[in-house]
Each structure stands twice: as C-alpha cells, then as structure tokens.
Amino acid sequence: MSFDDEVLPVLADVFISSCQVLEAQAGRPVGSESGYAQDLAAEVASRFAALLAPAFVAMSAPDAQPPVQDAPPTALDRAEAEMLFQRLAPLSQDDRLLVVAKGRHYQTPALCERLCEESVYWAAKIVEEARRWADLALIVAGRICGDEANWAKGIGYAWAFVGNAQRVANKFPAVDAAFARSREFYALGRDGLHGWFPEARALDLEASLRRDQGQHTRALALHDRALDGCQDSSRARLLLNQAATLEQAGWPERALLSLEEARPAIERGEGELRFRWVLRFSMVKNLVHLYRAPEADALLPELRQIAAESGNDLDQLRTRVLSGEVLAGLRRWNEALAELSAARDEFTALKLWADAAVVGLEEAVILLEDDRTAKVRTLVRAMKPIFDSLGLKREALASYRLFLAAVEREAATATMARELAKAIERVGKLMDGPAAG
C-alpha cells in the first residue's frame with residue numbers, strides 16, 4: 001500500500017476534525033465560560049488545519065450550510081462578531097483564511113462589517129495589514145447565506161474597503177476597479193433589506209478617495225448621496241468627512257455648517273474622543289481660513305486637552321501645528337514660527353515628509369507676509385532633503401521647481417507657497433493615506 005493510500009486518509013481525518021472543532025468553538029455563546037480546555041482545543045485545531053491545508057488542496061471539510069441571514073445584524077450579532085474577530089486577530093493570514101472558509105459561524109454579515117472596520121483602522125498605519133483584513137472581509141461576504149440582494153450588498157460593501165486599502169497602497173488603477181465592482185454589486189442589491197451593509201459607508205470611502213485626488217465636485221456629490229441614504233447613527237461621521245472635503249475645496253463657511261450639524265451627536269458621545277478631536281480641530285482650522293483667529297484661539301485649550309486625553313501622538317502634533325497657524329492669524333509671528341519649526345522637526349524625525357514639507361511652507365508663508373524673504377531662502381534650502389524625500393512628480397514637481405527658483409531670486413510670494421503646500425498635501429494623502437473613514 002502506498003503512502004498516499006495509507007497516510008493521507010489519516011491526515012485528512014485530522015484535518016476535518018480540526019475544522020469541526022473550530023466550528024464548535026465558533027458556536028460557543030457570547031460570554032461563555034467553557035474553560036481553558038476548549039480554547040486550547042480550538043488553538044490546536046487551528047494550527048493543525050493550517051499546517052495540513054496545503055496537502056489537501058483538492059479536499060474539503062464536510063459541507064456545512066452556513067446559517068441563513070434574513071435580517072440586518074443586531075447588537076448581539078455584533079458582540080459575537082467581536083468575539084470571533086478576537087480569535088482571528090492573533091492568527092497568520094493563512095490561518096485566518098482557512099478559518100473563515102471552513103468555519104460556518106464566521107460567515108456572517110456582522111463579522112464582515114467588523115473586518116472592514118479593522119481594515120480602515122490599519123489603513124493609516126500599515127498598508128498591507130489594511131489589505132489583508134479587507135481581503136478577508138471580501139471572502140466572508142462571498143460566503144454569507146441568505147437573500148441574493150443582501151448577499152450582493154455584502155460583496156459591494158467589502159469591495160469598497162478593498163478599494164480603500166488599494167488607495168493607501170498607491171495602486172491607483174486597482175482602486176478605481178475596486179470601487180467600480182462595489183457599485184456594480186450594490187446595483188444588484190437594490191431590493192435588499194434596509195440597514196443591510198449600508199451603501200452610505202461605501203460612498204463615503206469613495207468620496208475620501210476623490211477628495212484626495214483633488215476631484216472636489218465629484219467627492220461632494222458622493223457625500224450628498226451618502227447623507228441622503230444614511231442611518232442616523234452614522235450621520236455625524238459622514239458630516240465630519242464632508243466638512244473635510246469642503247475645507248479642502250475652499251468653502252470654510254459651508255464646512256462649519258456641516259460641523260455644527262454634527263456637533264450635537266458628537267457632544268452626546270457619538271464617536272467618543274476621536275470624533276470630538278476631529279470636530280474641534282476642523283472648527284479651528286476653518287475659523288483660521290475665515291480670518292477669525294480670536295474665535296479659533298478660544299477653542300484651542302479644549303482641543304489640546306482632548307488631544308492629550310486621547311494619547312494619540314500624531315493628533316497632538318497636528319494640534320501643535322494648528323496652534324502655530326492660529327498664532328500667525330493673531331499676527332504673533334515669532335511665536336508662530338517657533339511652534340511650527342518645532343513641529344516640522346518632529347515630523348521630520350518621524351519621516352513624515354509630506355507633513356514636514358507642508359509645515360515648512362506654512363513657515364515660509366509667514367516669513368513672506370512679514371517681508372523676510374532672505375530667511376525664506378535659508379529655510380527652503382534647509383528643507384531640500386525633505387522635498388527630495390517626497391519623490392515629487394508632474395504638477396507638484398513643477399510647482400516646487402518654480403517656487404525654488406522664485407525663492408532664489410527673492411521673488412517668491414505667499415500665494416506660491418500656499419499652492420505648493422496644497423499640492424504636497426495631496427501627494428502626502430495619496431502616499432501615506434489619511435485616517436480613513
């Protein structure tokens with residue numbers, strides 16, 4: 001008898017048993033206290049299954065029909081999805097793929113949504129991790145059992161997050177293709193249940209992409225569609241994102257209106273500390289744009305306190321930059337320059353080149369408006385390594401070269417510095433990815 005005839009059936013039995021243990025573990029009620037032994041069994045099963053899977057490409061565990069999903073996820077569903085996510089998180093991507101493919105209790109809308117949000121979390125941190133979670137969500141979406149329209153919505157929802165992950169990975173043709181797939185599947189799911197994989201979230205992600213590409217009109221149209229069809233629970237998040245687009249498009253008055261609409265829900269606790277920081281930061285930023293620096297200055301103490309409470313170092317650093325902009329608006333030039341220079345040094349140390357360049361150009365604007373052109377030349381020469389690290393191309397590179405030449409002739413203007421800062425800020429968002437969503 002050959003090795004295949006004698007050994008493979010035994011290994012196949014171990015593989016199938018491992019999958020069954022995983023399914024049983026997935027079915028444990030939320031908050032179950034079944035003990036260490038069951039957790040250990042699931043961990044051993046997961047490892048066995050992952051090790052044996054490559055030898056059984058043609059094999060599969062016994063068919064098990066996933067539970068039919070005939071209603072949008074409930075709070076209990078989402079609590080169970082969180083438990084399942086916590087089991088997936090420490091595993092390798094191969095292990096995760098195996099578990100969601102074979103464990104029918106992992107094939108739920110609530111887990112798909114949870115995996116999508118995890119992808120957004122990583123998008124601003126580690127691009128490849130964002131892509132892994134989005135890919136996993138797409139696999140889960142494809143295995144959800146239920147009404148065909150709702151199944152299509154799940155696929156469309158997951159494709160939007162794949163597109164978001166592609167965006168921060170600079171895979172631009174793939175980004176448009178992913179969002180096109182998202183739209184196609186949502187079109188198939190028009191007759192699905194309300195509240196099932198809300199399209200507003202997908203539209204909001206695409207709006208962020210179009211904003212970062214400088215397509216403000218298209219982005220605002222997507223924001224409007226998202227707000228028209230959103231649930232009340234997600235409206236504040238969508239309004240914050242709309243305000244960001246309006247601010248970048250040069251409409252600070254309209255941005256403040258969106259922020260004021262979002263404020264009641266956020267002050268009641270929606271989005272917790274993060275939304276409070278974004279709200280106050282955006283309000284201060286738009287007040288600066290409107291030359292209302294004294295009002296902006298009055299909001300800074302609360303903004304600094306929220307940033308400190310959050311413990312987010314980048315939020316604290318960006319709050320410091322904004323403080324420098326407020327000081328400039330109050331015409332306290334030297335204090336503003338000191339604040340901005342210190343922030344630029346920190347961004348440079350973190351190798352956040354786009355942020356460092358934008359802050360340096362804010363310094364240049366102040367110096368130019370204060371007729372200190374010679375100091376601008378010294379500043380820009382010192383920043384050359386930062387600009388070189390950006391790898392500027394096309395329009396941004398042309399703007400940089402024009403500005404550099406003007407600085408050397410002492411003919412640069414504050415407007416030129418602002419325009420270059422906008423171009424670099426856009427490059428930075430496409431390179432590093434914002435805190436999406």
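The values are calculated or read from the model by the stated rules, or taken from the named source; none is laboratory data. Here the structure is a predicted model, which means the values were calculated and not measured. Cβ sites come from the backbone with ideal geometry, for glycine too, and all protein chains shown count toward neighbours. These accessible areas exclude ligands, DNA and RNA; they are computed on the full protein's heavy atoms, side chains included. Shrake-Rupley method; radii C 1.70, N 1.55, O 1.52, S 1.80 Å.
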Quick one: net charge of Trp133's neighbours, Cβ under 11 Å, K/R +1, D/E -1?
-> -1
May I ask for the net charge around Ala177, where only other residues with Cβ less than 13 Å from the Cβ of Ala177 are counted and Lys, Arg are +1 while Asp, Glu are -1?
-> +1
Can you list which of the trypsin sites (Lys or Arg not before Pro) found in segment 378-425 are DSSP loop residues with at most 12 other C-beta atoms within 10 Å?
-> Lys393, Arg409
Determine which lysines satisfy two conditions relative to Lys153: a Cα distance under 23 Å, and not lying fewer than 8 residues away in the same chain.
-> Lys102
With DNA, RNA and ligands ignored, accessible area of Ile366 (1.4 Å probe; Å², nearest 10) | 10 Å²
Whole-number accessible area per residue in Å² for segment 211-361, which is evaluated in the context of all protein chains at 1.4 Å | 47 Å²
For the pair Asp191 and Thr74, the simple spin-label estimate (label points 7 Å beyond Cα toward Cβ) gives in nm 2.7 nm
So which trypsin sites (Lys or Arg not before Pro) in segment 116-205 end up in coil per DSSP with only 14 or fewer other C-beta atoms within 10 Å?
-> Lys125, Arg190
By accessible area of protein heavy atoms, probe 1.4 Å, what ranking do Cys112, Cys230 get, highest first?
-> Cys230, Cys112
Identify the GluC sites (Glu not before Pro) of segment 309-414 meeting these criteria: DSSP loop state and at most 15 other C-beta atoms within 10 Å of the C-beta.
-> Glu410
Could you give the dipole magnitude of segment 94-241 about its Cα centre, charging the beta-carbon of Lys and Arg +1 and that of Asp and Glu -1, in debye to the nearest 20?
-> 180 debye
Subtracting the Cα-Cα distance of Arg394 and Glu82 from 0.36 nm times their residue separation yields 107.9 nm
Listed by chain and number, the residues whose amide H is under 5 Å from that of Gly146, excluding neighbours fewer than 5 places away on the same chain and using placed H, are Gln69
Could you order Val278, Val120 by accessible surface area, starting with the largest, using a probe radius of 1.4 Å?
-> Val278, Val120
How large is the accessible surface per residue of segment 72-127, computed with a 1.4 Å probe and reported in Å² as a whole number?
-> 40 Å²
Estimated FRET transfer efficiency (Cys145, Arg268; beta-carbon r; R0 45 Å; 0.05) = 0.75
Which of the aspartates and glutamates could a cross-linker bridge to Lys171, judged by Cα under 16 Å and excluding same-chain residues fewer than eight apart?
-> Glu128, Glu129, Asp135, Glu206, Asp212, Asp432
Tell me, what % of the accessible area of segment 225-367 is carbon and sulfur with a 1.4 angstrom probe?
-> 49 percent
Whole Å is fine, so just give me how far the alpha carbon centre of segment 358-429 lies from that of segment 73-151.
-> 44 Å
Which of the lysines could be linked to Lys384 by a straight reach, that is with a Cα gap under 21 Å, when you skip same-chain ones fewer than 8 residues away?
-> Lys351, Lys375, Lys393, Lys422, Lys429
